Structure formats: structure tokens, C-alpha cells
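Asks: My questions will all concern the structure given below.
The values are calculated or read from the model by the stated rules, or taken from the named source; none is laboratory data. No experiment lies behind these values; they were computed from the predicted model shown. Neighbour counts run over all protein chains shown; Cβ positions are idealised from the backbone, glycine included. Ligands, DNA and RNA are excluded from the accessible area calculation, which covers all protein heavy atoms including side chains. Shrake-Rupley method; radii C 1.70, N 1.55, O 1.52, S 1.80 Å.
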Amino acid sequence: MKILVRLFCLLGAALPGVCQTTMQYASTTPRTLDSNLSQARTLSLTERHVLPLFGEQRKTSEQIEEEIRFLSDCDKSFANREEASVFFATRAWEYVQEGQLDTATYRFNLAYLLNEKNVDAFWGLGVVSFQKEQFEAAERMLRKGVEIAPENVPLIVDLSTVELRHFSQTNDRADLDESHQLLVHAARLDSTYAQTFYNLAIAEFHREDFAKSWEALHTGRRLNFSLVDFQFVELLRAKLPDPEGFFK
């Protein structure tokens, strides 16, 4: 399920305007949420439902009562809360596919409420935040997921995609460096995951190491040629002709 909706076109993330489709460590310095709504006033229950981790505010008595009822109902309907958490996360991914992002957020929040170690809850909230172009929130959620599953290569690569997108907006070298560190780490964990190397090609391009960008690109295309973005190839060729002569 996730594989169909995860992070959204490497080049669309890292080189705006180049492409527009498909989703596809590092510094521990926390970043702030894109919106300071949760800091400005107490959120209503309805608002909390559609913000990652219920807006991360102190719980109101109304929220506590609602959560008690929900957990009680789940305890009656599922073998355990971990099973219930998987159920709600699975439904949430379906809502992501359907473009119902607020509904997906609420379901991922419920998955988190049931099991705070459910990686899919954080992964999904990161994806939804990314699709809403709330990149700092996306980074925070995905980073929480990576803390739980530090060897989950697709998740790490998704976090790198967010960093690349953030870099494209801010030109903050720290984002580029973090993305590069994530990708080097991911490549060490699994040398067969193609998206790692396509992302690494982008990172090296921005680092102006065009030879290494080609090296990463060729590694990626040998693993999965269907992921090659030929518009990026042309951008890279303009900086340095293909040393292997494959792309002419």
C-alpha cells in the first residue's frame, strides 16, 4: 500500500518544475512545525483530529473522554491494540490514495493512539504533511518513524526526499547535508534499493560533485531503469557528459 503513495517524484521534490508525479541520518536538531496554530490558542477537538499527533497540545477533558471511549470500543473489537493500530493505519493509507488527506490524518492519529510504536503512523503523517506542502512537519514525523525503525531504508529515503525538497525551497546547506548523510547511511544498509541512488544522484548534483552524481545515477538505473528521469539526465549532462557514455 505505502509503496504506491510514498514520496512523490524525486525530481519534483528536489528540482521544482522538472516533474510532478509519484511518491517515492543526520542532524538531530528539531525543526518547528510549519504552522504555529497549535502554539497560538487551544485547538478544538475537530482541529486536533486533522493535525499530526492531534496537534501535540495538552489534552482537554473532552479529548480524554473521547479517547477512552475509542480505546474501549477497540478493546472489544480487536484481539489487542497493536492489531487495531494496524487496521487504522491500513485504512489511512487507503484514504491517502484517495486524496482524503484530513481523514487519513485522523486515522493515522488513531493508529498512533493505539500504538505509539507503530512506524506506519508516523510515516503516514509524514506523507500527508508532505502532500500538504508542510515540509517541516513532514520531516518531524518521518524522523520520529526513523527513530523507531532506524534500518527501514524506504522510510529513510523518504526522509531524505523531504530534506531535498526543503533545500530546494530554502537553499539551506544543512538540509542538503542531512539528506546526503541519510542516503549514504541507507546505501550502506541496503545496496539494492534503487530509489536511494536516484536521490543520491540529486544530492550529489546539488553538491556539485557531478562525477559522483553520475555514479549514483548509473547504480540506480542498473537496479531499476524504470525510475530514470530523463529530464534530470539532461540537466546532469549539461554539467558533465556521461563518463560511461550510456546517456548520449
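Asks: Filter the stretch 214-228 down to the residues that are of a type outside the set (Ser, Thr, Tyr) and over 15 Å from Glu204 (Cβ atoms), then identify the one that is nearest to the chain's Cα centre (by Cα).
Replies: Here is the first cut: in the stretch 214-228, the residues of a type outside the set (Ser, Thr, Tyr) are 214-218, 220-225, 227-228.
So of that shortlist, the ones also over 15 Å from Glu204 (Cβ atoms) come out as 222-225, 227-228.
Values: Arg222: 25, Leu223: 22, Asn224: 21, Phe225: 23, Leu227: 18, Val228: 20 Å.
Among residues in the stretch 214-228 that are of a type outside the set (Ser, Thr, Tyr) and over 15 Å from Glu204 (Cβ atoms), the one nearest to the chain's Cα centre (by Cα) is Leu227.
Asks: Can you go through Ser77, Ser85, Ser129 and tell me which one is at pLDDT 95 or above, within 19 Å of Thr46 (Cα to Cα) and hydroxyl-bearing (Ser, Thr, Tyr)? Even if it seems obvious, please write down each step before you answer.
Replies: Details: Ser77 fails: within 19 Å of Thr46 (Cα to Cα); Ser85 fails: within 19 Å of Thr46 (Cα to Cα).
Selected residue: Ser129, the only one of Ser77, Ser85, Ser129 that is at pLDDT 95 or above, within 19 Å of Thr46 (Cα to Cα) and hydroxyl-bearing (Ser, Thr, Tyr).
Asks: Given the residues Ala138, Ala121, Ala89, Ala84, which is the only one that is closer than 21 Å to Ser160 by Cβ and over 11 Å from the mean Cα position of the chain (by Cα)? Lay out the reasoning, then the answer.
Replies: Details: Ala138 fails: over 11 Å from the mean Cα position of the chain (by Cα); Ala89 fails: closer than 21 Å to Ser160 by Cβ; Ala84 fails: closer than 21 Å to Ser160 by Cβ.
After applying the criteria, what remains is Ala121.
Asks: If you don't mind, another one. For the stretch 146-160, give me each residue that is closer than 21 Å to Leu53 by Cβ and surrounded by 24 or more Cβ atoms within 10 Å (Cβ to Cβ). Let's see the steps before the verdict.
Replies: Filtering the stretch 146-160 for residues closer than 21 Å to Leu53 by Cβ gives 146-150, 152, 155-156, 158-159.
The answer is Leu155, Ile156, Asp158, Leu159.
Asks: Suppose we keep only residues that are open to solvent by 50 Å² or more (accessible area, probe 1.4 Å) and touching a helix residue (DSSP H, G or I) at 6+ places or on another chain (Cβ under 7 Å) within the stretch 52-74. Which one would you say is modelled with the highest pLDDT?
Replies: First, the residues of the stretch 52-74 that are open to solvent by 50 Å² or more (accessible area, probe 1.4 Å): 56, 58-59, 61-62, 64-65, 68-69, 73.
Among the residues that remain, those that are also touching a helix residue (DSSP H, G or I) at 6+ places or on another chain (Cβ under 7 Å) are: 56, 62.
Values: Glu56: 90, Glu62: 95.
It comes out as Glu62.
Asks: Sticking with this structure for a sec: Restricting the first residue to the stretch 71-83 and requiring it to be under 23 Å from Val119 (Cβ atoms), which pairs with a second residue that is among the aromatic types (Phe, Trp, Tyr) and open to solvent by less than 80 Å² (accessible area, probe 1.4 Å) meet a Cβ separation below 9 Å and a spacing of at least six or different chains?
Replies: Taking only residues 6 or more apart or on different chains, the pairs are Cys74/Phe88.
Asks: Oh, and also: Only one residue in Glu116, Glu133 is under 25 Å from Phe167 (Cα atoms), open to solvent by 50 Å² or more (accessible area, probe 1.4 Å) and outside any helix (DSSP H, G or I). Which one?
Replies: Glu133
Asks: If the requirement is being more than 21 Å from Glu82 (Cβ to Cβ), modelled with pLDDT under 95 and either assigned to a helix (DSSP H, G or I) or touching a strand residue (DSSP E or B) at 6+ places or on another chain (Cβ under 8 Å) (or both), which of these qualifies: Arg143, Arg165?
Replies: Values: Arg143 fails: modelled with pLDDT under 95.
It is Arg165.
Asks: Could I ask something else about it? Is it the case that some residue within the stretch 84-95 is of a type in the set (D, E, K, R) and open to solvent by 60 Å² or more (accessible area, probe 1.4 Å)? Steps first, please.
Replies: First, the residues of the stretch 84-95 that are of a type in the set (D, E, K, R): 91, 94.
So of that shortlist, the ones also open to solvent by 60 Å² or more (accessible area, probe 1.4 Å) come out as 91.
Yes - at least one qualifying residue is present in the stretch 84-95.
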